[in-house]
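See below for the structure under consideration.
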Amino acid sequence: MNLEIIKAIKGLLEIPQKIVIIPHKNPDGDAIGSTLGLWHYLKGKGQDATIIVPNDFPKFLKWMPGSEQIVNFERDSSAAKALINNATVIFTLDFNHLGRIGQLQPLLEDSSATFVMIDHHQEPDNYSKITYSDVSMSSTCEMVFNVIEGLDDVESITPDLAISLYTGIMTDTGSFKYSSTTSRTHLVVAKLIEQGAKNTEAHNKVYDTNTPSRLHLLGCALKNMVILEEFNTAFITLSQDELDTYNFKKGDTEGFVNYGLTLEGIVFAVIFIENREEGIIKISFRSEGDFSVNEFARANFNGGGHTNAAGGRSDVSMEETINQFKALLPQYKDDLNA
Ligand SMILES: [Mn+2]
């Protein structure tokens with residue numbers, strides 16, 4: 001990675017700072033893993049550091065060492081505000097524009113702290129003084145490893161730090177199978193295991209956490225799947241009523257969207273999930289090959305992300321959203337059949 005970035009980060013950490021680390025809203029494995037990994041590192045260096053999440057994160061990540069010390073802005077907004085106001089350095093991890101942190105956005109916009117962005121999403125904003133942005137990276141966790149390596153501290157990685165980064169790489173690469181997984185990713189993971197990451201434990205704790213109601217919800221989602229062979233596309237809908245029927249808990253629909261891609265020939269998979277409270281349809285897009293769901297989500301559904309994984313939203317009803325979606329497909333037909 002870029003030596004200037006390492007130099008700049010090194011310079012920041014030469015003196016004691018008041019550090020806040022922030023991941024995106026609805027934090028996933030990479031968001032929690034990378035913030036915890038960095039947090040363990042900074043604590044190890046004697047720095048005063050706190051992680052603030054914009055809102056809660058799924059239960060299947062709550063076993064991670066240090067996660068109990070994460071400040072949830074929705075629950076402890078006054079503590080979070082004080083920490084942000086006093087911060088001299090703010091690391092923003094796994095996102096690249098301040099619109100991704102919900103209610104925290106105005107607080108960060110008013111902050112005079114030095115901002116450091118570490119992120120692998122496309123088209124970064126320029127709010128940070130130090131920007132480590134690389135869309136070729138498997139995960140933000142891999143990038144945090146690169147920073148630690150750049151600072152010549154790999155041998156100081158503790159088991160708690162190692163398992164944090166391991167877990168984020170594991171979840172963001174679909175257990176090391178997405179195309180973003182490089183030989184370098186495997187080398188990083190190998191080093192993390194060497195430093196004490198208990199890999200089997202991470203897999204069990206993240207993936208073997210089904211509840212009967214989640215499996216029933218999955219059954220419902222799969223039953224609702226619509227396959228549009230003409231466009232090599234499969235989509236799933238879940239209404240708020242269906243979520244309620246199966247006692248939906250945050251994180252329960254994680255991974256559902258990927259089932260569409262396991263069908264032979266399907267290159268584009270989508271899940272539409274109604275959120276009555278927010279009055280929106282939350283959308284996840286996945287693709288195989290060159291079809292860019294980042295561009296599709298940006299152009300049509302107020303979202304974005306990566307080439308093969310993106311998110312978006314719709315402010316109209318499920319029925320209207322599905323109609324809009326179907327009406328869009330013909331103009332992408334050539335790309336979807338490439
Ligand atoms: Mn990520």
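Over the residues of the chain, the helix contribution to mean residue ellipticity at 222 nm works out to -11500 deg cm²/dmol, using -39500 (n - 2.57) for each DSSP H run of at least 4. Residues whose amide H comes within less than 5 Å of that of GLY303, counting only those at least five positions distant or on another chain, are ARG298, ARG313 (H built at 1.01 Å from N in the peptide plane). Between 0 and 90 degrees, the angle of helix 183-194 with respect to the longest Cα principal axis of the chain falls at about 60 degrees. Each residue of the stretch 17-31 was assigned a 3J(HN,Hα) from its phi angle through the Karplus curve 6.51 cos²θ - 1.76 cosθ + 1.60 (θ = phi - 60°); the sequence is 10, 9, 10, 10, 10, 10, x, 6, 4, 6, x, 9, x, 5, 5 Hz, with glycine and proline shown as x.
Between THR262 and GLU277, the simple label model (points 7 Å from Cα in the Cβ direction) yields a spacing of 2.9 nm.
When the convex hull of its Cα atoms is viewed from all sides, the chain shows a mean projected area of 16.6 nm². Computed from backbone phi, the HN-Hα couplings of the stretch 143-153 come to 6, 5, 4, 4, 5, 4, 5, x, 7, 6, 10 Hz, rounded to whole numbers (Karplus: 6.51 cos²θ - 1.76 cosθ + 1.60, θ = phi - 60°; Gly and Pro given as x). Of THR140, THR131, the residue with the largest accessible area leads and the full order is THR131, THR140 (1.4 Å probe).
Translational D (Stokes-Einstein, µm²/s) of the stretch 212-336 at 4 °C and 1.567 mPa s when Rh comes from the Kirkwood sum over C-alpha pairs? The Stokes-Einstein estimate is 90 µm²/s. Computed with every protein chain present, the accessible area of LEU261 is close to 30 Å² [probe 1.4 Å]. Taking label positions 7 Å along the Cα-Cβ direction at both LYS62 and LEU151, the computed distance is 3.0 nm, reported to one decimal.
Computed in the context of the full set of protein chains, the accessible area of the stretch 212-336 at 1.4 Å probe radius has 46% of its extent on carbon or sulfur. Packing here is the average count of other Cβ atoms within 10 Å per residue, and on that basis the peptides 205-213, 171-179, highest first, run 171-179, 205-213. Overall, the chain carries a charge dipole of about 600 debye about its Cα centre when +1 sits on the Cβ of Lys and Arg and -1 on the Cβ of Asp and Glu, all other atoms neutral. GLU274 contributes an accessible area of around 50 Å² to the protein surface, as traced by a 1.4 Å probe with all chains present. The long axis of helix 3-13 is offset from the longest Cα principal axis of the chain by roughly 60 degrees. Can you classify the stretch 10-92 as rounded, prolate or oblate using the Cα gyration tensor, where a ≥ b ≥ c are the square roots of its eigenvalues, rounded means a/c under 1.5, and otherwise it's prolate if a/b beats b/c and oblate if not? Verdict is oblate for the stretch 10-92.
Between LYS7 and MET318, full extension at 0.36 nm per residue minus the direct alpha carbon distance yields a gain of 107.0 nm. Estimate the FRET efficiency between LEU215 and LYS326 by the formula 1/(1 + (r/R0)^6), using the beta-carbon distance for r and 25 Å for R0, to the nearest 0.05. Calculated transfer efficiency: 0.30. Since only GLY37, GLY289, MET170 are under comparison, the one whose Cα sits farthest along the positive direction of the charge dipole of the chain, derived from C-beta charges on Lys, Arg, Asp and Glu, is GLY37.
Ignoring any ligand, DNA or RNA, what whole percent of the accessible area of the stretch 23-166 comes from carbon and sulfur when the probe is 1.4 angstrom? Carbon-and-sulfur percentage of accessible area, whole number: 43.
Helix 318-328 and the longest principal axis of the Cα set of the chain meet at an angle near 90°. Once the 1.4 Å probe is applied to the protein heavy atoms, the chain comes out at 46 Å² accessible per residue.
The values are calculated or read from the model by the stated rules, or taken from the named source; none is laboratory data. Values in this document were obtained by computation on a predicted structure and should not be read as measured data. Using ideal geometry, Cβ is built from the backbone for each residue, glycine included, and neighbour counts are taken over all protein chains shown. Protein only, heavy atoms only, side chains kept; ligands, DNA and RNA dropped before computing areas. Shrake-Rupley method; radii C 1.70, N 1.55, O 1.52, S 1.80 Å.
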